[in-house]
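The values are calculated or read from the model by the stated rules, or taken from the named source; none is laboratory data. All of these numbers come straight from a predicted model, not from anything done at the bench. Every residue, glycine among them, receives a Cβ derived from its backbone with ideal geometry; neighbour counts consider all protein chains shown.
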Amino acid sequence: MIRLENISKHYGSTQAVRSLDLQVPQGELFGFLGPNGAGKTTTIRIIGGLIAPTTGRVFIDDIDMQREPERAKRCIGLIPDRPFLYEKLSGLEFMRFTADLYGVSGDGLVQRAERLLDFFGLLERSNELIESYSHGMKQRLIMASSLLHEPPLIVVDEPMVGLDPKGIKMVRELFRELVSGGTTIFMSTHTLKLAEDVCDRIGIINKGRLVATGSIAELKQAARVGDADLEEAFLRLTQEETFDAPGDYAN
Amino acid sequence: MLKLAVFGGLGTLFWMGIFVVTYRVLRYFQRVEGFGDVLAFKLLSMVLVTFFSLLVFSAILTSLSKLYLSRDLLLVHAMPVSRERIFLARWLESTADSSWMVVVYALPVFLSYGFTYRADAVYYAVIPLVIVPLCLIASGISAALVMLAVVVLPATRVRSIFAFLGLAVLILLYFTFRMLRPERLVDPEAFTTVMMYLQNLSTPASPLLPSTWAYDALRESLGGNSLSALFHTGLLLSASVFLTLLNLMLAGSIYFPGFSNTQAAMIRLIQSPSGGLHRLLGFLPNATRAFVIKEVRTFWRDQTQWSQLFLIAALIVIYLYNFSVLPLEKSPIQTVYLQNLFSFLNMGLAAFVLTAITARFGFSTVSTEGPAFWIVRSAPVSIRTYLWIKFWIYLPPLLVLSEVLIVCTNILLQVTPFMMGLSTITLLFLTPGVIAMGIGMGAAYPDFTAENPTQAVTSFGGLLFMIFSAAYIGAVIVLEAGPVYTLFMSDLKGFRIPAWQWIWIYGSFSVAGLLAALAIWLPMRMGIQRLEAGTPSGHK
């Protein structure tokens with residue numbers, strides 16, 4: 001579903017992502033982990049078509065993002081980490097706006113939008129302007145709108161930020177349900193417990209470089225941490241990368 | 001560096017221009033036997049009333065933003081600092097922000113008075129002693145009004161104040177304009193005697209207005225009456241200190257409750273969409289319909305936009321009023337010729353009004369997406385389509401507005417059918433170019449972090465848009481001027497136009513048409529390219 005070929009991204013002299021090669025098959029929940037500033041969000045922006053890579057190519061469902069960006073984006077439901085929305089629209093109006101934008105129409109549209117809003121606990125307040133929503137409500141509205149066009153791929157950046165425990169449980173179950181129905185999910189997170197519980201496979205990025213990919217067991221094996229948890233493996237994998245060259249700090 | 005050079009250069013030129021024009025006007029007045037000084041001081045009085053009104057209005061908008069709406073206020077109020085100190089710091093910041101430009105451009109006017117009347121050092125010492133308290137008084141009145149308004153109006157809807165202020169400004173502008181009675185200054189015949197005319201000019205402004213104290217202080221110091229100047233300066237200084245203390249007391253009791261209410265989430269229920277607007281716009285492609293509906297709803301629900309509409313309405317009313325009072329029949333030049341000349345100049349004026357409106361709404365339209373611009377970037381709609389949708393959203397209302405303007409003013413001018421046709425067709429071709437420049441350059445220089453869309457207009461890109469738009473309008477008018485004059489004179493005097501002149505006429509109109517096409521295509525292309533290459537905002 002996702003194929004990244006030799007992706008690099010430079011911001012001036014800073015190299016945010018370096019030679020990233022990655023494939024995520026259909027129906028997989030892929031967790032993308034890394035320390036702050038490792039390049040997770042940049043990678044998500046590239047996959048979502050928000051920015052173009054400096055080098056390399058992105059394929060979504062075998063569609064080249066550079067050549068056919070509109071077609072590729074139609075396959076994606078993007079959920080950013082910060083829920084910036086059109087504050088002067090109501091929740092239901094935003095759903096309708098999204099439906100128009102993605103070309104979703106038909107008689108059942110309003111019912112489908114209301115069902116999604118109901119699932120995310122927003123139906124009662126769907127006629128209020130978004131400006132009165134809390135951070136968590138806005139986050140849930142984006143999730144609801146991203147599912148409206150039934151995309152085969154969900155790209156989500158830090159899904160649990162701003163959600164209450166009930167919301168976290170709901171999203172966790174939803175993701176597993178979507179994946180069992182064949183949807184692919186690419187999720188960046190700092191919550192290692194979440195990644196450990198729901199992800200089929202995990203990729204760890206550090207300083208813009210993909211340092212490890214695999215199942216939890218494979219990562220633990222690569223990190224040589226035995227029966228320790230994912231946190232230990234994560235720290236070891238990112239630490240080795242960071243502290244392999246202590247001279248960097250001195251210089 | 002380039003921005004600094006452009007802004008600095010234009011600012012200096014404008015500053016020097018004000019100085020030269022004021023100095024020349026004052027020198028001209030001095031040559032008018034008998035009442036030259038009366039005219040000069042009447043002008044000074046008008047200038048001070050205008051400055052004071054501008055200062056009050058500017059300070060109302062700035063203090064509302066600085067005291068209640070800025071994003072950093074939550075952090076500021078979390079600090080262990082007293083409310084009075086927070087108010088004082090914010091109010092002083094607001095005073096500086098709202099008055100620096102008025103002060104900078106008032107200086108050349110005051111200096112030219114000093115040079116014309118060969119004032120001594122006392123006059124130049126009085127200038128800062130007049131300007132600083134005048135700014136503090138204006139800002140003090142504004143802050144008090146804003147604090148009281150936030151208490152009186154439901155605090156959760158504080159932004160509605162903008163609409164209220166817009167209306168107030170419209171009325172203020174109207175009254176200021178009427179009080180100036182500019183037509184009487186150039187039409188002494190309207191008065192029964194010259195004495196009445198002079199008496200009217202000498203009527204002092206209200207002694208309760210701080211601008212009158214400033215006027216008295218400057219006038220007395222110009223005349224060398226230091227003691228009297230000191231008295232009026234003292235009035236200004238004591239009033240500014242009094243207002244500052246009064247505001248500190250007000251802030252202690254009502255500033256924080258008002259701010260606190262402002263932070264409470266506003267809940268506005270919107271009627272469940274029945275789909276009427278969707279059905280009405282059903283003929284549009286899906287993405288276009290989405291953006292049109294979003295744009296319309298956002299516009300009407302954001303009251304901060306309304307005050308701008310009031311201002312534009314005031315601008316148009318004054319613009320039309322000017323045409324209705326033109327004393328064409330009293331001109332020694334042939335009326336038909338003058339009417340058509342004015343109609344020709346009017347095309348340029350209408351296009352400049354259009355530029356000002358496009359700057360506010362068209363130029364800032366991409367920036368108003370703000371941090372939510374990630375929605376556009378991630379949507380299956382190209383930036384090209386998105387920008388062209390914006391263009392088509394703004395074209396119909398602005399085209400109708402510019403055509404209504406030109407037709408109304410032409411009716412007031414009673415121009416010939418030829419000029420009526422020419423102006424409406426010219427505007428029909430000019431308007432898309434001005435709008436494309438606004439949208440394209442607004443996309444090339446977006447500001448997704450601006451708290452207020454008007455900030456985008458005053459940016460470097462906004463300035464470039466104004467310059468290019470003015471150059472474009474000027475070029476089209478110049479290209480049309482020669483051929484139109486020839487056609488007009490041949491019609492008036494009944495001579496035949498030779499073949500080479502026909503070639504020149506067709507050539508000029510063709511180049512104007514080409515310019516109109518380029519003005520659409522080039523800026524839109526630049527906007528698309530630069531927006532595509534830019535980094536997304538609000539999604540880091």
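Values computed for the structure shown
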{"read-out": "Residue among A:R67, A:R115 that is surrounded by fewer than 17 Cβ atoms within 10 Å (Cβ to Cβ) and not assigned by TED's automatic domain parsing to the domain that holds A:L129", "value": "A:R67"}
{"read-out": "Selection from region B:489-538 of residues that are more than 14 Å from chain A (Cβ to nearest Cβ) and in a loop (DSSP other than H, G, I, E, B)", "value": "B:G494, B:F495, B:R496, B:I497, B:P498"}
{"read-out": "Residue selected from region A:143-168 under the condition touching a residue at least 60 places away in the same chain (Cβ under 8 Å), closer than 20 Å to A:H190 by Cα and outside any loop (DSSP other than H, G, I, E, B), by the criterion farthest from the chain's Cα centre (by Cα)", "value": "A:M143"}
{"read-out": "Top-ranked residue of region A:98-110 - restricted to ones that are buried (at least 23 other Cβ atoms within 10 Å of the Cβ) and at the interface with another protein chain (Cβ under 7 Å from one of its Cβ atoms), ranked as nearest to A:L123 (Cα to Cα)", "value": "A:D100"}
{"read-out": "Residue within region A:39-56 that is part of a strand (DSSP E or B) and at pLDDT 90 or above present", "value": "yes"}
{"read-out": "Selection count, region A:111-121, where residues are touching a residue at least 12 places away in the same chain (Cβ under 8 Å), more than 22 Å from the chain's Cα centre (by Cα) and more than 13 Å from chain B (Cβ to nearest Cβ)", "value": "1"}
{"read-out": "Region A:62-93: number of residues that are small (G, A, S), at the interface with chain B (Cβ under 9 Å from one of its Cβ atoms) and part of a helix (DSSP H, G or I)", "value": "1"}
{"read-out": "Residue in region B:249-260 that is modelled with the lowest pLDDT, counting only those that are surrounded by fewer than 17 Cβ atoms within 10 Å (Cβ to Cβ) and not aromatic (F, W, Y)", "value": "B:S260"}
{"read-out": "Residue that is nearest to A:A195 (Cα to Cα) [pool: residues in region A:153-178 that are buried (at least 19 other Cβ atoms within 10 Å of the Cβ) and within 14 Å of chain B (Cβ to nearest Cβ)]", "value": "A:E158"}
{"read-out": "Filter result (within 12 Å of chain B (Cβ to nearest Cβ) and either in contact (Cβ under 8 Å) with a residue 40 or more places away in the chain or not in a strand (DSSP E or B) (or both)) within region A:126-140", "value": "A:S126, A:N127, A:L129, A:I130, A:E131, A:S132, A:Y133, A:S134, A:H135, A:M137, A:K138"}
{"read-out": "Residues within region A:206-233 that are without any contact (Cβ under 8 Å) to a residue 12 or more places away in the chain, aliphatic (A, V, I, L, M) and surrounded by 13 or more Cβ atoms within 10 Å (Cβ to Cβ), tallied", "value": "2"}
{"read-out": "Residue among B:S63, B:S53 that is surrounded by 15 or more Cβ atoms within 10 Å (Cβ to Cβ), assigned by TED's automatic domain parsing to the domain that holds B:A149 and at pLDDT below 85", "value": "B:S53"}
{"read-out": "Residue tally, condition surrounded by 18 or more Cβ atoms within 10 Å (Cβ to Cβ) and in contact with a Gly (Cβ under 7 Å, 6 or more places away or on another chain), over region B:96-140", "value": "1"}
{"read-out": "Any hit, region A:78-97, residues being free of Cβ contacts under 8 Å to residues at least 60 places away in the same chain, under 22 Å from A:L178 (Cβ atoms), out of contact with any helix residue (DSSP H, G or I) (no Cβ under 7 Å at 6 or more places or on another chain) and aromatic (F, W, Y)", "value": "no"}
{"read-out": "Hits in region A:172-187 (condition: touching a helix residue (DSSP H, G or I) at 6+ places or on another chain (Cβ under 7 Å) and either farther than 17 Å from A:L116 by Cβ or outside any strand (DSSP E or B) (or both))", "value": "A:R172, A:F175, A:R176, A:F186"}
{"read-out": "Matching entry among A:G48, A:G37 (being within 14 Å of chain B (Cβ to nearest Cβ) and buried (at least 24 other Cβ atoms within 10 Å of the Cβ))", "value": "A:G48"}
{"read-out": "Residues satisfying the stated conditions in region B:406-436, i.e. farther than 18 Å from B:Y394 by Cα and of a type in the set (F, W, Y)", "value": "B:F418"}
{"read-out": "Number of the exception - A:T242 against (1) of a type in the set (V, I, T); (2) modelled with pLDDT of 90 or more; (3) farther than 12 Å from A:G31 by Cβ", "value": "(2)"}
{"read-out": "Candidates B:L39, B:L88, B:L92 - the one that is within 29 Å of B:W213 (Cβ to Cβ), of a type outside the set (S, T, Y) and modelled with pLDDT under 85", "value": "B:L39"}
{"read-out": "Any hit, region B:333-356, residues being at pLDDT below 85, within 26 Å of B:V415 (Cα to Cα) and not in a helix (DSSP H, G or I)", "value": "yes"}
{"read-out": "Residue within region B:298-320 that is surrounded by fewer than 18 Cβ atoms within 10 Å (Cβ to Cβ), under 17 Å from A:K88 (Cβ atoms), modelled with pLDDT of 85 or more and within 12 Å of chain A (Cβ to nearest Cβ) present", "value": "yes"}
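Yes/no per residue for (1) part of a helix (DSSP H, G or I); (2) modelled with pLDDT under 90; (3) closer than 28 Å to A:P80 by Cα; (4) away from chain A (no Cβ under 14 Å):
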{"residue": "B:I375", "(1), (2), (3), (4)": "yes, no, yes, no"}
{"residue": "B:R384", "(1), (2), (3), (4)": "yes, no, yes, no"}
{"residue": "B:W392", "(1), (2), (3), (4)": "yes, no, no, yes"}
{"residue": "B:V400", "(1), (2), (3), (4)": "yes, no, no, yes"}
{"residue": "B:T409", "(1), (2), (3), (4)": "yes, yes, no, yes"}
{"residue": "B:F418", "(1), (2), (3), (4)": "yes, yes, no, yes"}
